[in-house]
1. Can you pull out every residue in segment B:110-142 that is closer than 18 Å to A:Trp51 by Cα and surrounded by 20 or more Cβ atoms within 10 Å (Cβ to Cβ)?
2. Quick check: is even one residue across segment A:145-158 in a loop (DSSP other than H, G, I, E, B), of a type in the set (D, E, K, R) and within 30 Å of B:Thr6 (Cβ to Cβ)?
3. Considering each of A:Ile93, A:Ile50 in turn, give the residue that is among the hydrophobic types (A, V, I, L, M, F, W, C) and either within 12 Å of chain B (Cβ to nearest Cβ) or open to solvent by less than 30 Å² (accessible area, probe 1.4 Å) (or both).
4. Being crowded, with 19+ Cβ neighbours inside 10 Å and closer than 17 Å to A:Phe204 by Cα is the filter; apply it to segment A:227-259 and report the residue that is nearest to the chain's Cα centre (by Cα).
5. Only one of A:Phe178, A:Phe204, A:Phe200 is modelled with pLDDT under 85 and on the phi > 0 side of the Ramachandran plot; which?
6. When you go through (1) open to solvent by 10 Å² or more (accessible area, probe 1.4 Å); (2) over 22 Å from the mean Cα position of the chain (by Cα) one by one for A:Thr192, which number turns out not to apply?
There are 2 protein chains.
Amino acid sequence: MVGICTKMKKLANDDHRRLLHSFKVGIALTLVSTLYYVTPIFKGFGSSTIWAVLTVVLVMEFTVGGTLTKGLNRAMATLLAVASAFGAHHVAILTGGKGEVILLGIFIFLIAVVATFLRFIPVIKARYDYGVLIFMLTFSLVAVSSFRNHETFMLAYKRLMTIAIGVAIALLVSVLVFPIWAGEDLHLLTATNLERLAGFLEGFGAEYFGEKVKHDKIKSKALLQTYKSVLNTKATEDSLANLGRLEPRHGRFRFRHPWKQYQKIGSLCRRCAYLVEALSSYIIRSESQAASELENNTRIRDACMDISKESRSAIKVLASSVKTMTTLSDSKNHMTAAAEAAKSLKMTLSEEGLLIREALHIATIVSLLLEIVSCAQDIEVAIEE
Amino acid sequence: MVGICTKMKKLANDDHRRLLHSFKVGIALTLVSTLYYVTPIFKGFGSSTIWAVLTVVLVMEFTVGGTLTKGLNRAMATLLAVASAFGAHHVAILTGGKGEVILLGIFIFLIAVVATFLRFIPVIKARYDYGVLIFMLTFSLVAVSSFRNHETFMLAYKRLMTIAIGVAIALLVSVLVFPIWAGEDLHLLTATNLERLAGFLEGFGAEYFGEKVKHDKIKSKALLQTYKSVLNTKATEDSLANLGRLEPRHGRFRFRHPWKQYQKIGSLCRRCAYLVEALSSYIIRSESQAASELENNTRIRDACMDISKESRSAIKVLASSVKTMTTLSDSKNHMTAAAEAAKSLKMTLSEEGLLIREALHIATIVSLLLEIVSCAQDIEVAIEE
């Protein structure tokens with residue numbers, strides 16, 4: 001019990017917006033319930049009122065973009081479905097009697113098959129998944145109830161109105177009470193990813209080149225692990241970029257901010273993290289040997305230190321330039337310095353004699369292949385278990 | 001329009017179970033609608049019937065595990081919420097008059113805040129997200145309607161019964177009509193991931209060591225890209241493993257099959273894919289140089305060929321042994337051969353003189369660092385854009 005409390009406290013502290021969002025949902029839900037209790041808006045809507053409550057619960061998402069996407073999907077899909085269901089109903093009535101039931105059944109079957117299949121299409125899955133679901137649902141509801149209850153028009157009208165009220169309340173609370181923007185989240189995620197990559201290089205410098213850094217041994221060991229969370233950010237990024245598309249101008253972001261560019265930067269960050277993962281798994285496996293051999297060759301060691309230091313600084317500056325959305329003259333300097341260090345390292349290698357320079361290419365391929373072999377062995381062991 | 005049709009055809013051909021699932025949703029939905037039309041089961045349920053239709057649409061998932069998880073979540077959450085809402089209603093009645101409204105409002109607010117916050121907890125998000133949502137929703141619905149309509153008991157009873165019927169129909173169709181199991185999906189995904197890694201090594205052998213393989217140049221170039229889809233499989237794997245937990249015995253899988261082990265294998269496969277990514281991005285950047293230098297050193301070249309060939313064969317055998325769930329004596333042989341080749345490569349390197357062996361460690365770190373620098377430069381360019 002105490003464990004759960006500590007965990008929940010940590011969750012809230014990690015990102016206080018989580019607590020904020022919880023209160024926002026509470027406010028929106030209480031608002032829609034109160035409207036039902038005390039005002040005459042819902043008089044005459046009877047049991048349809050529940051659709052407004054339902055809509056608020058289902059449409060309120062963590063980000064404004066999420067609420068907007070779901071709200072629009074729900075509202076548009078309901079409108080379209082009600083219209084189509086009316087069409088189907090009128091066609092079915094023409095046949096009369098038993099034919100009506102059979103025809104409505106066929107319509108429902110066809111709509112369900114087509115809509116379910118549409119949800120597999122990647123673009124639709126990413127943006128309109130909820131809308132297609134609601135279309136299928138509302139079409140069936142209206143078609144089914146149209147058979148028994150010939151006041152279908154009122155039912156559909158009430159459903160539309162109450163859903164519109166629900167969406168409006170969810171959107172208002174989402175935008176007016178401490179809004180959480182998907183675009184800003186994506187923006188921060190990109191900066192954080194860059195910082196994490198820089199963090200690894202910092203820990204790497206401290207651990208393997210004995211660079212002096214501000215923090216102690218334990219902290220720099222921990223820094224070596226930070227990049228891990230960059231490896232699996234693709235899904236989050238794609239969804240945030242999709243939700244950001246719909247958000248209106250806010251803060252420093254205009255409507256239709258180039259969110260695609262963030263996805264591009266994100267995929268490059270992941271490529272960098274993959275390389276870091278390869279480097280880190282290689283180093284862990286041959287820790288003492290690599291360190292002592294680098295120790296013996298100070299020129300290469302210094303050049304490696306420079307490269308790692310300058311790229312780290314460059315990435316750090318890039319992270320803060322993403323954060324502040326300013327231009328990046330400082331990062332250019334560090335980047336040039338890193339490129340210079342890389343060039344001079346290549347020079348050093350060629351001075352050290354042909355063998356080492358030739359060996360460079362062979363060695364990289366060889367050692368990564370060796371890594372792949374031992375990774376394959378680990379897989380074998382896991383499969384045997 | 002033609003483009004869309006071709007795309008949809010491709011989607012259906014890639015995995016014919018998508019079409020199957022669409023038809024299953026159609027069947028389930030038509031079934032529940034037909035029950036409503038023709039049988040007296042729903043007589044007396046009035047407009048509550050829509051909950052059964054709604055439940056079928058919302059609960060039918062692609063896999064049996066998915067349907068089971070959502071169905072159980074929906075049924076249990078509704079039951080709990082109805083019970084709690086009754087409790088809240090009775091407490092509120094005690095105060096009477098205006099106090100009743102205020103107290104119910106406070107209850108709804110508190111439930112909404114706590115439930116929304118619970119959804120941020122990773123374990124709950126993975127397994128009970130839908131249940132918590134439905135709990136919040138049903139509690140509000142019953143609490144809200146209990147104020148106006150004092151026949152709340154009937155409403156709650158109808159909602160429970162119709163939801164149970166909906167869940168039952170969705171589950172029956174899911175299990176009886178060509179079931180699609182999450183566990184089997186996870187099983188196949190693991191085998192496919194291994195095959196893709198082997199595919200890369202095959203293409204690698206053909207491209208860089210001129211190994212003779214069955215397919216032509218274009219095919220082997222394409223093989224070099226197959227591993228990319230392994231990089232981002234974490235989310236899919238985790239969700240399938242979660243859904244598989246609930247599935248009953250089916251085919252070769254017993255209830256509580258060790259799905260966790262698949263996640264472990266999956267994470268090792270991803271680690272291997274990260275190494276492959278590092279190798280491949282390194283090779284692309286220095287294609288001609290690496291090839292020509294390996295050309296000059298036939299002993300190392302042959303050893304690399306052996307390593308790549310044997311690991312590829314071992315991984316291939318592992319993939320088919322996962323697929324068929326048999327033991328893997330064959331893969332052991334290949335693995336031993338790969339390890340032997342790796343060992344003899346290390347021997348060769350030490351015979352070639354100290355320099356190249358020393359260089360191995362330095363070179364790997366150096367070239368990966370150089371890769372990281374150029375990756376960082378790409379990131380800079382992307383941020384500037």
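1. Passing the criteria: B:Ala112, B:Ile134, B:Phe135, B:Met136, B:Leu137, B:Thr138, B:Phe139, B:Ser140, B:Leu141, B:Val142.
2. no
3. Every option except A:Ile50 fails the conditions.
4. Step by step, filter segment A:227-259, then rank; the result is A:Val230.
5. Only one candidate qualifies: A:Phe178.
6. Unmet condition: (2).
The values are calculated or read from the model by the stated rules, or taken from the named source; none is laboratory data. Because the structure is a prediction, the values reported are computed rather than measured. All Cβ positions, glycine included, derive from the backbone under ideal geometry; neighbour counts span all protein chains shown. Remember, those area values only see protein heavy atoms, side chains included, never the ligands or the DNA or RNA. Shrake-Rupley method; radii C 1.70, N 1.55, O 1.52, S 1.80 Å.
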